[in-house]
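Peer 1: Here it is, the structure in full.
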């Protein structure tokens, strides 16, 4: 009977170790679908907004004091939070005046923004979203792992109970 329990225990430990090894090997890596190596990410504060007849130029100062002049096109996607935390998402060309007002609001609040540049033109401008997706995914993975650990623990518990019941049945039949 002890030999069976030892084998069951050994198999359960091997299954658990295999599960954790496979889980950690399959942790998703960050993948950028449109990364062609020509995009540049700039983080900073809006220092000026200049509007001309042809285009809008956004002056950004990063944390090292470097100033960037960035052209905003009608295709630039904006994802900006207001003071209350409400998220506003739109293309710059959909409503230019509203977009400029939202950018000026970000400038007045001194909100840090992130700009993705593609060939010296902004493809997207965002503020830090109040939700941290990476942290949420980490918690999701931890809960997923705990759920599987609980599941396998319960299976081991049931297999031990089943083997004990079988031993008791054999003992009763032999009497």
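The values are calculated or read from the model by the stated rules, or taken from the named source; none is laboratory data. For clarity, every value in this text was computed on a predicted model and none was experimentally measured. For neighbour counting, all protein chains shown are included, and Cβ atoms are generated from backbone atoms with ideal geometry for every residue, glycine included.
Peer 1: Is it the case that residue 69 is in a loop (DSSP other than H, G, I, E, B), free of Cβ contacts under 8 Å to residues at least 60 places away in the same chain and not assigned by TED's automatic domain parsing to the domain that holds residue 16?
Peer 2: no
Peer 1: Further, regarding this structure: Here is a list: 102, 161. Which entry is farther than 17 Å from residue 43 by Cα and modelled with pLDDT of 90 or more?
Peer 2: 161
Peer 1: Then there's this: Can you tell which of 80, 58, 117 is surrounded by 14 or more Cβ atoms within 10 Å (Cβ to Cβ), touching a helix residue (DSSP H, G or I) at 6+ places or on another chain (Cβ under 9 Å) and under 24 Å from residue 38 (Cβ atoms)?
Peer 2: 58
Peer 1: Looking only at segment 83-94, count every residue that is surrounded by 13 or more Cβ atoms within 10 Å (Cβ to Cβ) and under 21 Å from residue 109 (Cβ atoms) and tell me the total.
Peer 2: Selection size over segment 83-94: 4.
Peer 1: Tell me which residues, restricted to segment 61-77, are exposed (fewer than 13 other Cβ atoms within 10 Å of the Cβ) and closer than 17 Å to residue 95 by Cα.
Peer 2: Result: 74, single match.
Peer 1: When segment 44-63 is examined, which residues are found to be under 29 Å from the mean Cα position of the chain (by Cα) and in a loop (DSSP other than H, G, I, E, B)?
Peer 2: Within segment 44-63, 62, 63 meet the criteria.
Peer 1: For segment 76-88, enumerate the residues that are over 18 Å from residue 58 (Cα atoms) and not in a loop (DSSP other than H, G, I, E, B). Can you show your working first?
Peer 2: Just the residues of segment 76-88 that are over 18 Å from residue 58 (Cα atoms), to begin with: 82-88.
87, 88, listed by residue number.
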